[in-house]
Amino acid sequence: SRLCVVMAFNIDNIIERLVAVKSARPGTCVSINDKEAAALIAAAEEVVLRQPVLLQLEAPLQIVGDIHGQFYDLLRLLDFRGLPPH
């Protein structure tokens, strides 16, 4: 199951390694293996599936459009606004 895949890995550690390259030049590789990538995807799926269809949000908030898979654009947004709460 997806939960077993997620529990076998330290998702926070994977995310820390991905975010650690934010000060490096764009195109810097981060080494994650296939199983870590699958665990990260499974963890993201679990979060999305737990979300209600209608979100009750409080101001202020920032809405960001599609970043077209540009990881460094995502890192810049996280630098600007901070990491989302757990």
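Taking every alpha-carbon pair under 8 Å whose residues sit at least 6 apart, the chain reaches a relative contact order of 36 percent.
Given the options L40, G65, G27, identify the residue whose Cα lies farthest towards the positive end of the charge dipole of the chain (+1 on Cβ of Lys, Arg; -1 on Cβ of Asp, Glu). Positive-end residue among those listed: G27. Candidates (i) 14.1; (ii) 14.9; (iii) 16.4; which is the computed Kirkwood radius over Cα pairs in Å? Matching the structure shown: (ii).
Between I41 and F80, the simple spin-label model (points 7 angstrom out along Cα→Cβ) gives 2.9 nm.
For the chain, what is the charge dipole size about the Cα centre, in debye to the nearest 20, if Lys and Arg each add +1 at the Cβ and Asp and Glu each add -1 at the Cβ? Walk me through the numbers before you get to the answer.
Numbers: 8 positive and 10 negative charges, 31 e Å.
That gives the chain a dipole magnitude of about 140 debye.
Amide H to amide H under 5 Å from F9: which residues, 5+ apart in sequence or cross-chain, H placed 1.01 Å off N in plane? Amide H to amide H, under 5 Å and 5 or more residues apart or across chains, F9 pairs with nothing.
Here the Karplus curve 6.51 cos²θ - 1.76 cosθ + 1.60, taken at θ = phi - 60°, turns the phi angles of the range 52-60 into couplings of x, 5, 10, 9, 9, 10, 10, 6, x Hz, with x standing for Gly and Pro. The modelled label-to-label distance between Q51 and N33, using points 7 Å beyond Cα along the C-beta direction, is 3.1 nm. Expressed as a whole percent, the accessible surface of the chain that belongs to carbon and sulfur atoms is 60, based on a 1.4 Å probe.
Ellipticity at 222 nm from helices only: DSSP H runs of n ≥ 4 in the chain, each -39500 (n - 2.57), divided by the residue count, give -15000 deg cm²/dmol.
The values are calculated or read from the model by the stated rules, or taken from the named source; none is laboratory data. Bear in mind that the values here come from a model prediction, so they are computed numbers and not experimental data. Using ideal geometry, Cβ is built from the backbone for each residue, glycine included, and neighbour counts are taken over all protein chains shown. Heavy atoms of the whole protein, side chains included, go into the accessibility calculation; ligands, DNA and RNA do not. Shrake-Rupley method; radii C 1.70, N 1.55, O 1.52, S 1.80 Å.
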